[in-house]
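Visitor: This is the structure I have questions about; it appears just below.
The values are calculated or read from the model by the stated rules, or taken from the named source; none is laboratory data. Bear in mind that the values here come from a model prediction, so they are computed numbers and not experimental data. Counting neighbours? That spans all protein chains shown, and the Cβs are built from the backbone with ideal geometry, glycine included.
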Amino acid sequence: MINEMLAYFAQGANWAGESGIPARLGEHLWYSFLAVAAAAVVAFPVGVFIGHTGTGRVFLVSASNVLRALPSLGIMTLLVLLMGIGLLPPLAALVLIAIPPILAGVYAGVANVDPEVVDAARAIGMKDSRIILQVELPLALPLILGGLRGAILQVVATATIAAYVNLGGLGRYIFDGLALYDYGQVLVGAVLVTGLALVLDGLLGLAARALSPARRAIAN
Amino acid sequence: MITFESVSKLYPGGTQAVTDLDLQIATGSFTVLVGPSGCGKTTSMRMINRMVAPTSGRILIDGQDVADIRAVTLRLGIGYVLQNAGLFPHRTVLDNIATVQRLLGLSKAQARTKAHEAMERVGLDASLATRYPAQLSGGQQQRVGVARALAADPPILLMDEPFSAVDPIVRLELQQEVAHLQAEIKKTIVMVTHDIDEALTLGDRIAVLAPGGVLHQYASPIDILARPATDFVASLVAKDRGFRTLSFETLTGLGTTTLPVPGPEGLIDMSALAPGWGVRVNRDSGTAAWIDADGAVFGPHPLVPADASLRTGLDAVLASPTSAALLVDGTGNIGSYFTLADLGPLLRPNEQARA
């Protein structure tokens, strides 16, 4: 099986064309990007609002729990039945799993800013929008990036399901391989997804470090 | 002038923080709100910059109701110093101090120039400008907090227990510097503290508040000490009360003795005071050293300026091996000394206290 996988990687034809590895990788990243971006657009303002005002925490916890409990494959299948084949059903499923970690990161980051610092900001004459932009978000950045990192990893891992409804991405190798009992090809998909997730995680880790100037200064 | 007009604050849940407070804080005065925790002192102060809204009553600044001023505009004109400095951990010292000017619309470069000036004013070394708050000591952080509040040169400064989180030595240093600063810049300062000693040292008017935000006395430090209006105020100032009163008494009317002419090498023969003793003055350091018959040196001892408090004069005499201290007159001339016996008539029981 491992030999079959290595043979697949070694074959030049598998690296070219619309169903080549680079193309599948590109599709996979594209679905993931769309899903995380859409989830961020929803989760970011909600997280900032709840973190800044402190209202709606019960809603936050229960909504997160419901979203986390949803089975991605089930949601996608249901949406396909309702809407037909297309990019939207898998994307919707991916967005739903990306929302809880982003929401949690943004909320926790903003809510955990030292209340005395926020009080000081207000007392010296900052309005709420400035408090959020100049004080709370910069200080929340490490936790926000942490949430984003979690969301990206989960979405990259789960984006394989798009292939289940005849879309591209690295999941193609897995579902095609399963259909053909070609476990070498299944392994190709699994290894590529895992590798992609690890590389992204590493890059995001470096980015998180680079974006915390105050933290870096303290470490020195 | 900051005026509280029958101001009350009732928190939801029934806690009465401030009860019917009437207070007039003169422009340029250093007013201290003092009392135990839960006496509404911080709440009262925070109503001046609308960080807390009164349940009833009004607060006026120079006749204008603060409720009619946009909160952000109002706060930009009032400096605010917090207990733990409340600095922005993600900004450098310089940018922390420049914050208010940036909010007022100054360019980054202009704001930083002003911030450098403010750092100098509060005694912060310029090399700290690029540090982050977490890299500073508690005392330094507090100085940054004061610099941030002063940088935009607001007419009013609010200070919420600004020195309670630093160690006693740094606290004393900061208190002295704030007193100095105030003598120079003459802001209207309102400070909150639970430390009656701090209040008596720094304030020129003190408002004593009891739990529930009830004003018991609003008076000068000497009046608070000499004539506590209620049992509550009396209990607050009970410790060393008589002795502390001396801080507010002058050396006016002190009988002194003229110093003999200095002999060779500046040694002044003090045999008339104590057989065998002499004294030598060091003008550079403003101190004197006593020398006994065997040549043993005691000192340095401080010289007492003529405008010093009775407490300073008494302290100098008590610390001297001959029970005498040298007096510096208004022109810087060191021509006389006084003894414990000379202080006697000034140490009579306080007339105000008897009244």
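Visitor: Name every residue in the stretch B:146-175 that is buried (at least 20 other Cβ atoms within 10 Å of the Cβ), within 12 Å of chain A (Cβ to nearest Cβ) and more than 21 Å from B:GLN101 (Cα to Cα), in order of residue number.
Guide: B:ASP160
Visitor: Within the stretch B:107-130, how many residues are in a loop (DSSP other than H, G, I, E, B) and either among the hydroxyl-bearing types (Ser, Thr, Tyr) or touching a helix residue (DSSP H, G or I) at 6+ places or on another chain (Cβ under 7 Å) (or both)? Lay out the reasoning, then the answer.
Guide: First, pick out the residues of the stretch B:107-130 that are in a loop (DSSP other than H, G, I, E, B): B:107, B:122-125, B:129-130.
Still in the list and also either among the hydroxyl-bearing types (Ser, Thr, Tyr) or touching a helix residue (DSSP H, G or I) at 6+ places or on another chain (Cβ under 7 Å) (or both): B:107, B:122-124, B:129-130.
Total meeting the criteria: 6.
Visitor: While we're on this one: Can you tell me which of B:ALA134, B:ALA115, B:ALA179 is more than 27 Å from A:SER129 (Cα to Cα), of a type in the set (A, V, I, L, M, F, W, C) and either out of contact with any Lys or Arg (no Cβ under 6 Å at 6 or more places or on another chain) or surrounded by 15 or more Cβ atoms within 10 Å (Cβ to Cβ) (or both)? If you could, list the steps in order and put the result at the bottom.
Guide: On the way: B:ALA134 fails: more than 27 Å from A:SER129 (Cα to Cα); B:ALA115 fails: more than 27 Å from A:SER129 (Cα to Cα).
Just a single option satisfies the conditions, and that option is B:ALA179.
Visitor: Next question. What are the residue pairs meeting all of these: first residue in the stretch A:14-33, first residue over 15 Å from A:ALA197 (Cα atoms), second residue crowded, with 16+ Cβ neighbours inside 10 Å and of a type in the set (Phe, Trp, Tyr), Cβ atoms under 6 Å, and 6 or more apart or on different chains?
Guide: If the second residue must be crowded, with 16+ Cβ neighbours inside 10 Å and of a type in the set (Phe, Trp, Tyr), the pairs left are A:ASN14/A:TYR8.
Visitor: Of these, B:ASN96, B:ASN84, which one is part of a helix (DSSP H, G or I) and either within 13 Å of chain A (Cβ to nearest Cβ) or farther than 30 Å from A:ASN112 by Cβ (or both)?
Guide: Working: B:ASN84 fails: part of a helix (DSSP H, G or I).
Answer to the selection: B:ASN96.
Visitor: A further question on this structure: Out of (1) among the β-branched types (Val, Ile, Thr); (2) more than 10 Å from chain B (Cβ to nearest Cβ); (3) touching a strand residue (DSSP E or B) at 6+ places or on another chain (Cβ under 8 Å), the odd one out for A:VAL110 is which?
Guide: Evaluating A:VAL110 over (1) among the β-branched types (Val, Ile, Thr); (2) more than 10 Å from chain B (Cβ to nearest Cβ); (3) touching a strand residue (DSSP E or B) at 6+ places or on another chain (Cβ under 8 Å) leaves (3) as the failure.
Visitor: Those residues that are of a type outside the set (S, T, N, Q) and either more than 9 Å from every other protein chain (Cβ to nearest Cβ) or part of a loop (DSSP other than H, G, I, E, B) (or both), I need them from the stretch A:119-131; list them, please.
Guide: The initial filter retains those residues of the stretch A:119-131 that are of a type outside the set (S, T, N, Q), namely A:119-128, A:130-131.
If the condition is that a residue be of a type outside the set (S, T, N, Q) and either more than 9 Å from every other protein chain (Cβ to nearest Cβ) or part of a loop (DSSP other than H, G, I, E, B) (or both), then A:ILE124, A:GLY125, A:MET126, A:LYS127, A:ASP128, A:ILE131 are the ones that fit.
Visitor: I'm trying to understand the selection: among the residues of the stretch A:191-214, which are of a type in the set (A, V, I, L, M) and either closer than 30 Å to B:LEU136 by Cβ or surrounded by 18 or more Cβ atoms within 10 Å (Cβ to Cβ) (or both)?
Guide: Taking the stretch A:191-214 and keeping what is of a type in the set (A, V, I, L, M), we get A:191-193, A:196-200, A:203-204, A:206-208, A:210-211, A:214.
Answer for the stretch A:191-214, where residues must be of a type in the set (A, V, I, L, M) and either closer than 30 Å to B:LEU136 by Cβ or surrounded by 18 or more Cβ atoms within 10 Å (Cβ to Cβ) (or both): A:LEU192, A:VAL193, A:LEU196, A:LEU206, A:ALA207, A:ALA208, A:ALA210, A:LEU211, A:ALA214.
Visitor: Continuing with this model, one more query. If you take the residues of the stretch B:160-193 that are in a strand (DSSP E or B) and polar (S, T, N, Q), which of them is farthest from B:ARG148 (Cα to Cα)? Please lay out each step first, then the result.
Guide: Step one: filter the stretch B:160-193 for residues in a strand (DSSP E or B), giving B:160, B:188-193.
Then drop every residue that is not polar (S, T, N, Q), which leaves B:188, B:193.
Details: B:THR188: 16, B:THR193: 20 Å.
Restricting to residues being in a strand (DSSP E or B) and polar (S, T, N, Q), the top hit is B:THR193.
Visitor: What are the pairs, 6+ residues apart or on separate chains, where a residue within the stretch B:100-116 that is within 14 Å of chain A (Cβ to nearest Cβ) and under 21 Å from B:ARG75 (Cβ atoms) has its Cβ under 6 Å from a residue that is part of a helix (DSSP H, G or I) and not aliphatic (A, V, I, L, M)?
Guide: From residues that are within 14 Å of chain A (Cβ to nearest Cβ) and under 21 Å from B:ARG75 (Cβ atoms), the pairs are B:GLN101/B:LYS114; B:ALA111/B:GLN101; B:ALA111/B:ARG102.
Visitor: Still on this structure, please answer the following. Restricting attention to the stretch B:3-43, report how many residues are in a strand (DSSP E or B) and surrounded by fewer than 21 Cβ atoms within 10 Å (Cβ to Cβ).
Guide: Initially, the stretch B:3-43 is screened for residues in a strand (DSSP E or B), giving B:3-10, B:16-25, B:30-34.
If we keep only those that are surrounded by fewer than 21 Cβ atoms within 10 Å (Cβ to Cβ) as well, we get B:3, B:5-6, B:8, B:10, B:16, B:19-20, B:22-24.
Residues that pass the stated criteria total 11.
Visitor: Can you give me the number of residues within the stretch B:250-264 that are of a type outside the set (Val, Ile, Thr), more than 15 Å from B:LEU340 (Cα to Cα) and surrounded by fewer than 17 Cβ atoms within 10 Å (Cβ to Cβ)? Working first, answer last.
Guide: The initial filter retains those residues of the stretch B:250-264 that are of a type outside the set (Val, Ile, Thr), namely B:251, B:253-255, B:259-260, B:262-264.
Subset that is more than 15 Å from B:LEU340 (Cα to Cα): B:259-260, B:262-264.
Subset that is surrounded by fewer than 17 Cβ atoms within 10 Å (Cβ to Cβ): B:260, B:262-264.
Going through the stretch B:250-264 one residue at a time, the tally reaches 4.
Condition check ((1) of a type in the set (Ser, Thr, Tyr); (2) outside any helix (DSSP H, G or I); (3) in contact with a Gly (Cβ under 7 Å, 6 or more places away or on another chain); (4) surrounded by 23 or more Cβ atoms within 10 Å (Cβ to Cβ)) across all residues:
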{"site": "A:LEU60", "(1), (2), (3), (4)": "no, no, no, no"}
{"site": "A:LEU79", "(1), (2), (3), (4)": "no, no, no, no"}
{"site": "A:ILE85", "(1), (2), (3), (4)": "no, yes, no, no"}
{"site": "A:LEU91", "(1), (2), (3), (4)": "no, no, no, no"}
{"site": "A:LEU94", "(1), (2), (3), (4)": "no, no, no, yes"}
{"site": "A:PRO101", "(1), (2), (3), (4)": "no, no, yes, yes"}
{"site": "A:GLY105", "(1), (2), (3), (4)": "no, no, yes, yes"}
{"site": "A:VAL110", "(1), (2), (3), (4)": "no, no, yes, yes"}
{"site": "A:LEU133", "(1), (2), (3), (4)": "no, no, no, no"}
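Visitor: Among the residues of the stretch B:309-355, what is the count of those that are in contact with a Leu (Cβ under 8 Å, 6 or more places away or on another chain), surrounded by fewer than 19 Cβ atoms within 10 Å (Cβ to Cβ), of a type in the set (A, V, I, L, M, F, W, C) and modelled with pLDDT of 85 or more?
Guide: 2
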